[in-house]
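To start, the structure itself, in structure tokens.
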Amino acid sequence: MIKAILIFNNHGKPRLIRFYQYFAEDMQQQIIRETFHLVSKRDDNVCNFLEGGSLIGGSDYKLIYRHYATLYFVFCVDSSESELGILDLIQVFVETLDKCFENVCELDLIFHMDKVHYILQEVVMGGMVLETNMNEIVAQVELQNRMEKSEGGLSAAPARAVSAVKNMNLPEIPRNINIGDINIKVPSLSPF
Amino acid sequence: MSDVVEKTLTALPSLLSFDSQPGAAKLSSTSKLASLIRGITELTSKHEEEKLIQQELVAIKDQVSSPNTSMRQMKELMVRAIYCEMLGYEASFCYIHAIKLAQQGTALDKRVGYLAVALFLHESHELLLLLVNTVLKDLQSTNLIEVCMALTIVSQLFPKDMIPAILPLVEEKLTHPKEIIRRKAVLALYKFYLIAPNQVQHIHNKFRKALCDKDPGVMTASLHIYLQMIKENPEGYKDLTGSFVTILKQVVGGKLPMDYNYHSVPSPWLQIQLLRILSLLGKDDQSSSEIMYEVLDESLRRAEMNHNITYAILYECVKCIYTIHPKDELLEKAAKCIGNFILSPKINLKYIGLKALTYVVQQDPKLALQHQMTIIECLDHPDLIIKRETLELLFRITNGKNVTVIVEKLLDFLRTSKDDYTTIDLMGKVAEVAEKYAPDNKWFIATMNTVFSLGGDLMQPDIPNNFLKLISEGFDDGEQDRMLRLFAVDSYVSLLQGEPEKLPQRFLQVISWVLGEYSHLREDLEPATVVRLLAHVLDLKQASSETKSWVLLAMTKLCEGEAAMSVLQGVSETYSSSMDTVLRQRAQELQNLHLNPELWARVLPRDAFTEPLEVDSSLSFLDGYVSEALAAGAAPYKSPHQRQEELAQAKAVSMEPYGLSLPISMSLSSLDGRQSPTLLSMSSGLSGDSTDHSHKAGTTTLKLDKVKRVWGREGYLAQRESAVVEVPSPVHSADQIEEVGISQDPTPPPVADQEKQQLASSLFVGLGSQTSSSLMGKSEPKHQRLRKKAKDPVSSSEISKQTSNSIFPPPISVDNLLCNSNMDPKKSLPSCTQMTESSQGSAAANGTCAAEGEFTEGDVQGPEPSLFRDNRLTIAGSCETEEPVGMKDLCLTSYLPADCIGANHSEFTPLCSSHGVHLSACHVHKDDTLVLLVFISNSSNSDVHQFIVQVDSGDVEVSCLSESPVEELRCHHVEVCQYSLTAKRPSVHLEVSGLVSFNMPDRTPQTTHFSYKLPLPSFIRPLELSTEEYGTMWLAFSHDTKQNLTLVADVQDSLRATLDVLERKLHLHVVAIIGMEGIVACRLLPDQPCLMHCRVHGGTLAVWLRSPVPDLPDCLLYHCQRALQEV
């Protein structure tokens, strides 16, 4: 079972939080902080697995994470999940985001938190891996989007706004700004 | 704040206005989210953020409750609320609106509503009730997306008691034409299965349909369920092994659509899932394993591409290969794989490799030897996670020879570890191996000292508890115990003389206890010195009041001799006026006891720990009081559980609105039957009335060794086996490690740093080839030196049996085989090669007899050679008339030992077979024991040597009845081993497991495991009693269970008929039947009584079982239920 999915940026600002096991609000924030603390102090050349937080479920609990440019994607899972399998599931998720948002960036995640949630719902349902086939995930998401377009939905507007922002050719943005650095590079295959 | 970003963000609204939409509201709302985000990024402090969000929340609250807010605005407000919640600010006022949005809006509004609900609410949130109708409606919707959303929310949030309301609709979706719906429905059902397995019991066959679904996605989803079900009951799904293998074969072979490829690997996640299922199915099951070998080989071969995900598959393959029945060729490949992992420069793979190695090292210690240098390198790896995983591996290979080096490594790590969780975990491990393998007392005490000082107060309380228990109970050797205690005292005195202020509280407590109890052993040590040292501890600033009370208690034990008096006097005076009541009490005790030496000697005798405390757990001494109270008109005692239930029934909440057609709260009704208060008939005795039947294990953290918990939060607690803290250790000592053909020493790496080499040799000593020597009988008793005296029934008895079994007396079997004496309980039958021609005639005659099943005792015992051979011949001749299975049974029947022939024997069950050697077993009921017969037949054309059969069990006491063990098995021979079994502790099924090892003619060793399941009734025998005896016994037993059973229907005297069934099937003894009540007695072998009281009540049979043995009533009740269901 996947117990939680946390996405936060290099400064620990949460960008998407999804718990599949109930925790009280303050506990959730504590978990986010602890996880960020654990993950952020690790170099890029160490392994992507972490054991030993004590907040979610003790020994039967692992953190599997990937770091893309400004964002950390962290999956908290129990021992029944395959580490390498989850690691690639993160990759699938990010690649799907990239497809849906066309060159995804942190801004997309901020302004379209709801959309990211919908995509995630097609990948993981109630803590269980629902689909790993990217085409299938994208198809489901598009099905929903079509419905949205037919309603002339509101979330279309910010999408346009963001792509307009993207097209402005921003110069290099200093790193210490929370919503800085725009593109998450999705490596076709990140090396170990 | 960067100008650029600011500009960008201020530009947002204007950018948005490019699209000339009719809704100005939309524009403003979007910019609100944007401005919120912008606002937050501008802030510099947490405090400001808090202020801003609070403002925002107030704004949202206003808008959300205003009637003019449109759906569109509502959605936007929800997203903002979600954003605030994500940052950790509660927006609980929004919850109800989220539900409303999910209820009322269009599909799109619903989507936001459902998302908000899923993020805001949790399983036990009260508002969830309001969602049930919406979900029901959406599940019936024709809009696919609405159905999907409903299924998603159901699988995320719905608690146990709401499942019945929606279950039929979800179930219906399994046949939905759209595969996405089917897939989500399957996953939702999986979730239901996890939280309430009995509610989805009836749809198991539908899961099978899902498994055969034409859409691979649905099939994949159904594997979740199967993995779980097989984990719980591998036996029930053996028939599916073939199907899973076929599926895997097709997946590996690339039969799935290209869509399912991930980096050109066909559906890797599906493969992982399937491999896990296979490993569960193939565990301890040779025939299932054999089906898998081919596909595993194929998977290994195909997964050789160099991509991350293929390693995930390889890892599962390796695990599977090492879990299932071993096959040399595959093991070799798997070992190579692990090697590749470990040697990989990629750090994730190294991690996985270490994990795999940790997993397999128990079966194949040689593998650790091969990689010793890599392991040593990993120990110094900069990544802490890798380091930790390596230590875990070392922990698994610890044995008596390398324990000092490994513990040193573990302690080194502990010294630098900053992570509490790791510290706690490692601490337990060090304590465990130190206790188990300590080479000498000095080392043990020193190691534990380090553990206590490093662990500080983080340590699990069971570490000091176990340590003190070990010191107090000691081992079998009195002198050793004394030495250990002396060492402890010496080392603690010197520690206290040093810097006691640096020691953690827990350690100080341990020290004071040991000094109080054992400092008298050191004769040259004045009690006064110890008292002074302890008094110094009392004066420490950081000493907690708990520590102080330990110290005071220790002082109380030490108050003899004049010199200490003045110190004690002072201490007791100081603390008599303490604000802490516990301390005050201790001080009072100290004061009074040291004034009264006789009382002192009686209250605190030396070595009191060696005498067990007697606790009257049934509280029979209160019976008189209770009966007086009852006579005076007091109401009989009801347990809180019972009272609550009655209360609940009185004002049960009606679940009608969403009850739909299904009956709900099944659990309630079944409990009701169990607890029916009318069951309390007068014959039941008084002490039982105060027993809480709920059997709720108290989750107290208090550890009271030696004292049984009698009263708990819920009143009187049924007596349970005083829980043994120690879990059977996962560590297998070197002697236990099964050998898989170790022939050569590992070749040492050509170039390696001297130091590392040295470390390696000290770390890996005792693994591999050295093991073989201890396996052959030279197991070092020293390793178990620090093992507790039969205190943990599981592991220690297991170990002792292991050792006793591994030391086999050298059997002289050639003579034995040839002259086949009458006394020999196992029939060793020489093969035809050794048979002289003259005996052939009579042998043939006998063979025919056997085939006809008319074997008489005389025939069996006659010195007949080659019985088996001839049997086979006869079988070949008469196979037209007889069924082969029957024949086989018949064959084995002829080998039944003489004293078992008349008795009732069970069916012959094949246990395992390997290289032409087949094992079958049956059990024979005897009055005072249960005899297990293991038949070993060699159908190959060659003899096997060094034959060893070991039978062992955690639940059952096994003793071998055969006089000499089988050593050699000639070709076409059958050997019989006899074992007498009695139950150690009751369980629904008792399992005996065993190990056969032998050498093939070409000297290759073979090992096979088997297990044999015995139902509890095999160990039940009637217990003949008079009604009076029954009465007195009834009162004395404290473990009981009540339940209503079904009566045998359609007969005149249904009570009599029911009891007859039980008597016949379960070997119970019906003591008496009086009117509508009956009493029944039985015993569990060897002599554990269990009494049953039955009463016909409203068409059911209310039974009440009692026994002095915990769990026996429960287990027996289960079989009673079964027996009556079968009627």
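Rounded to the nearest whole Å², what accessible area per residue is found for the stretch A:1-148 with the 1.4 Å probe? Walk me through the intermediate numbers first.
Numbers: 4190 Å² over 148 residues.
I get 28 Å² per residue for this part.
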Counting only protein heavy atoms, probe 1.4 Å: which residues of the stretch B:377-407 lose 40 Å² or more of accessible surface in the full assembly compared with their chain by itself? B:D383, B:I385
How would the stretch B:285-336 be classified by its alpha-carbon gyration tensor: rounded, prolate or oblate, with rounded meaning a/c under 1.5 and the a/b versus b/c comparison settling the rest? prolate
I'd like to check one number: the per residue accessible area of the stretch B:1023-1126, probe 1.4 Å, reported in Å² as a whole number. 42
Enumerate the calculated ³J(HN,Hα) couplings along the stretch B:457-469 in order (Karplus 6.51 cos²θ - 1.76 cosθ + 1.60, θ = phi - 60°), each rounded to whole Hz, writing x wherever the residue is Gly or Pro. 9, 6, 3, 4, x, 6, 5, x, 4, 4, 4, 5, 5
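Over the stretch B:1023-1126, what is the relative contact order in percent, taking alpha-carbon pairs closer than 8 angstrom and at least six residues apart? Spell out each step's value before the answer.
On the way: 179 pairs, mean separation 35.2, N = 104.
Relative contact order, the stretch B:1023-1126: 34 percent.
So, by mean Cβ neighbours within 10 angstrom, what's the order for B:538-545, B:922-929 with the highest one leading?
B:922-929, B:538-545
With charges only on Cβ, +1 for K and R and -1 for D and E, what is the dipole size of the stretch B:249-368 about its Cα centre, in debye, rounded to 20?
Details: 14 positive and 13 negative charges, 87 e Å.
Using only the charged Cβ atoms, the result is roughly 420 debye.
For A:40-48, what's the mean count of beta carbons from other chains sitting within 10 Å of each residue's beta carbon? Could you put the intermediate results ahead of the total?
On the way: counts 0, 0, 3, 2, 0, 3, 9, 12, 4.
The mean count of partner-chain Cβ atoms within 10 Å per residue comes to 4.
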Name the long-range amide H neighbours of B:N399: under 5 Å, sequence gap of 5 or more, or other chain; modelled H, no Pro or chain starts. none
Starting at the first residue of the stretch B:276-285, write each ³J(HN,Hα) from the Karplus equation 6.51 cos²θ - 1.76 cosθ + 1.60 with θ = phi - 60°, in whole Hz, x for Gly and Pro. 5, 4, 4, 5, 5, 6, x, 5, 6, 9
To the nearest 20 debye, what is the magnitude of the charge dipole of the stretch B:1023-1126 about its Cα centre, counting +1 on the Cβ of each Lys and Arg and -1 on the Cβ of each Asp and Glu? 180
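Magnitude of the Cβ-charge dipole of the stretch B:895-1016, K/R +1 and D/E -1, about the Cα centre, nearest 20 debye? Each step should come with its number before you reach the end.
Details: 6 positive and 14 negative charges, 51 e Å.
Magnitude of the dipole: close to 240 debye.
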Take the solvent-accessible surface of the protein heavy atoms, probe 1.4 Å, and return the percent of it on the stretch B:249-368 that carbon and sulfur atoms account for. 49
From the backbone phi of the stretch B:157-170, what are the Karplus-calculated ³J(HN,Hα) couplings (6.51 cos²θ - 1.76 cosθ + 1.60, θ = phi - 60°) in whole Hz, Gly and Pro given as x? 10, 6, x, 2, 6, 9, 4, x, 5, 10, 3, x, 5, 5
Mean-position separation - Cα centroids, the stretch A:58-96 and the stretch B:418-445, in angstrom: 32
How much area per residue is accessible in the stretch B:440-559 when the probe is 1.4 Å and only protein heavy atoms are counted (Å²)? 38
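When a/c reaches 1.5 or more, the comparison of a/b and b/c decides; with that in mind, is the stretch B:1023-1126 rounded, prolate or oblate per its Cα gyration tensor?
Working: a/c = 1.66, a/b = 1.42, b/c = 1.17.
Prolate.
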What residues qualify as long-range amide H neighbours of B:L930, i.e. H under 5 Å apart, gap of 5 or more or another chain, H built at 1.01 Å from N? B:L981
If you roll a 1.4 angstrom probe over the protein chains with everything in place, what fraction of the accessible area of the stretch B:1017-1098 belongs to carbon and sulfur, to the nearest %? 52
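Peptide A:130-138: average number of partner chain Cβ atoms within 10 Å per residue?
Working: counts 11, 8, 9, 12, 2, 4, 7, 0, 0.
Taking the mean over all residues of the peptide, I get 6.
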The rounded separation in angstrom of the Cα centers of the stretch B:201-243 and the stretch B:1068-1121 is 39
If the viscosity is 1.306 mPa s and the temperature 10 °C, what translational diffusion coefficient in µm²/s does Stokes-Einstein give for the stretch A:1-148 when Rh comes from Kirkwood over Cα pairs? 102
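Going by a ≥ b ≥ c, the root eigenvalues of the Cα gyration tensor, does the stretch B:168-296 fall in the rounded group (a/c under 1.5), the prolate group (a/b larger than b/c) or the oblate group?
Working: a/c = 2.21, a/b = 1.17, b/c = 1.89.
Judged from the Cα gyration tensor, the stretch B:168-296 comes out oblate (a/c at least 1.5, b/c at or above a/b).
Please average, across the residues of B:181-189, the number of beta carbons from any other chain that are within 10 Å of each residue's own beta carbon, and give a whole number. Working shown, then result.
Working: counts 0, 0, 4, 5, 0, 2, 7, 3, 0.
Mean partner-chain Cβ count within 10 Å for B:181-189: 2.
How do the peptides B:1002-1013, A:136-147 rank, highest first, by the average count of neighbouring beta carbon atoms within 10 Å per residue?
On the way: B:1002-1013: 15.5, A:136-147: 17.5.
Final packing ranking: A:136-147, B:1002-1013.
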Links exceeding 24 Å between C-alpha atoms in this model, out of A:K3/A:K115; A:K62/B:K355; B:K238/B:K984; B:K469/B:K557; B:K191/B:K214, come to B:K238/B:K984
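For the pairing of chain B with chain A, what total accessible surface becomes buried, with a 1.4 angstrom probe, in square angstrom to the nearest 100? Let's see the in-between values first.
Values: alone 54190 and 10410 Å², together 57240 Å².
Summing both sides, the interface buries roughly 7400 Å².
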Report, please, the projected area of the stretch B:440-559 averaged over directions, based on the convex hull of its C-alpha atoms, in nm². 6.9
How many angstrom lie between the C-alpha centres of the stretch A:1-56 and the stretch B:86-151? 26
Compare each residue of the stretch B:71-92 in its chain alone against the assembly with all protein chains, and report those whose accessible area goes down by 10 Å² or more; 1.4 Å probe, heavy atoms. B:R72, B:K75, B:E76, B:V79, B:I82, B:Y83, B:E85, B:M86, B:L87, B:G88, B:E90
Name the residues of the stretch A:69-109 whose accessible area, probed at 1.4 Å, falls by at least 50 Å² once all protein chains are in place instead of their chain on its own? A:S82, A:E83, A:L84, A:D88
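The values are calculated or read from the model by the stated rules, or taken from the named source; none is laboratory data. What you are looking at is a predicted structure, and each value in this text was computed from that prediction instead of being measured. Glycine gets a Cβ as well: all are built from the backbone with ideal geometry, and neighbour counts include every protein chain shown. These accessible areas exclude ligands, DNA and RNA; they are computed on the full protein's heavy atoms, side chains included. Shrake-Rupley method; radii C 1.70, N 1.55, O 1.52, S 1.80 Å.
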